[in-house]
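Peer 1: One structure is given below, represented as structure tokens, and several questions about it will come after.
What follows draws every value from the coordinates through simple rules; no lab data is involved. Small disclaimer: the values here were computed from a predicted structure and weren't measured. Note: ideal-geometry Cβ built from the backbone for every residue, glycine included; neighbour counts use all protein chains shown.
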Amino acid sequence: MTFKQEYLDRLKAAVEQSMMRKVEHASDFEALYSEIQYRTNEIVGTSTLKRLWGYIGGYKTTRIPTLDVLCRFVGYPDWHTFVAECCGEAEELTSCRVVASTLEYSDIKTGAHVRIEWNPVRELCLLHEGEGWFDVLEAKNSKVKVGNRFHCERFTIGQPLYVDHLSQENEPPVLFVMGRKGGLTKITLEEP
């Protein structure tokens with residue numbers, strides 16, 4: 001499918017910003033390939049990336065599933081949402097059915113660890129204390145810190161994580177959202 005070059009350029013710029021480096025050389029494409037696989041658990045081949053960036057010649061079209069993966073890499077659930085929010089082209093959906101991998105707190109044993117990730121490069125390791133209460137054991141690039149505690153009903157890939165009663169130091173508990181743009185990208189359950 002052929003898309004407006006402006007939209008593709010915006011997506012490529014967002015990818016480079018998320019990578020914190022320009023994608024210009026063969027080694028950059030290898031690094032991008034690895035980072036996409038690490039963050040999304042999905043694969044976009046280096047040849048496809050090179051064609052999209054114009055590093056090599058080839059097909060003049062790009063498949064939607066490829067663009068969807070790149071959009072998830074930069075924090076959007078898919079190409080349609082990226083174009084709607086970044087390029088102002090599509091009508092924004094105000095409601096929709098959620099069809100994604102979901103982990104309910106009731107399916108998590110007390111003492112289990114849940115590792116969640118969202119873009120750009122945010123990560124928490126949580127200890128389930130029971131009944132949906134989680135303590136933060138590890139935090140990477142997040143406003144939520146080690147030692148914080150919150151209540152959560154479920155974790156859903158591609159959806160923001162809303163938590164209740166987030167307790168941070170001497171502050172009163174608050175409602176808090178993580179991964180507001182693009183939602184969670186990875187959920188890993190580590191049983192005790």
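Peer 1: May I ask you to sort Leu70, Leu32, Leu175 by Cβ crowding, counting other Cβ atoms within 10 Å and putting the fewest first?
Peer 2: Final ranking by Cβ density, sparse to dense: Leu175, Leu32, Leu70.
Peer 1: Then there is this: Under unit Cβ charges (Lys, Arg +1; Asp, Glu -1), what dipole magnitude, rounded to 20 debye, does the chain have relative to its Cα centre? Let's see the in-between values first.
Peer 2: On the way: 23 positive and 28 negative charges, 140 e Å.
Result for the chain is approximately 680 debye, rounded to the nearest 20.
Peer 1: Same structure again: Provide the packing ranking of 118-126, 180-188, 72-80, i.e. peptides ordered by the mean count of other C-beta atoms within 10 Å per residue, highest first.
Peer 2: 72-80, 118-126, 180-188
Peer 1: So in the stretch 102-190, what percent of DSSP beta bridges are antiparallel if you round to the nearest 5?
Peer 2: Within the stretch 102-190, antiparallel bridges account for around 95 percent of the total.
Peer 1: Restricting to bridges with both residues inside the chain, how much of the DSSP beta-bridge set is antiparallel, in percent to the nearest 5?
Peer 2: Antiparallel: roughly 95 percent of the beta bridges in the chain.
Peer 1: A 32 angstrom limit on the alpha carbon distance is what I want to check against. Which of Lys109/Lys143; Lys109/Lys181; Lys50/Lys186; Lys22/Lys143; Lys4/Lys140 exceed it?
Peer 2: Checking Cα-Cα distances, Lys4/Lys140 exceed 32 Å.
Peer 1: I want the local charge near His151. Using Cβ-Cβ distances under 12 Å, sum +1 for each Lys or Arg and -1 for each Asp or Glu among the other residues.
Peer 2: Result for the local shell: -3.
Peer 1: Name the aspartates and glutamates eligible as straight-distance cross-link partners of Lys60: C-alpha to C-alpha under 17 Å, and not fewer than 8 places from it in the same chain.
Peer 2: Cross-link targets: Glu6, Asp9.
Peer 1: Now, a different point. Have a look at His80, Leu11, Trp53 and report the one farthest towards the positive end of the charge dipole of the stretch 5-87, computed about the Cα centre with Cβ charges (Lys/Arg +1, Asp/Glu -1).
Peer 2: Value computed over the given set: Trp53.
Peer 1: Any chance you could run the full-extension gain for Ala84 through Glu104? It's 0.36 nm times the residue separation minus the Cα-Cα distance, nm to one decimal.
Peer 2: Values: separation 20, 0.36 × 20 = 7.20 nm, distance 2.99 nm.
Gain in length upon complete extension: 4.2 nm.
Peer 1: Identify which of the listed values of semi-axes √(5λ) of the Cα gyration tensor in Å was calculated from the structure shown: [x] 34, 18, 15; [y] 44, 15, 14; [z] 26, 17, 17.
Peer 2: After the calculation, the listed value that fits is [x].
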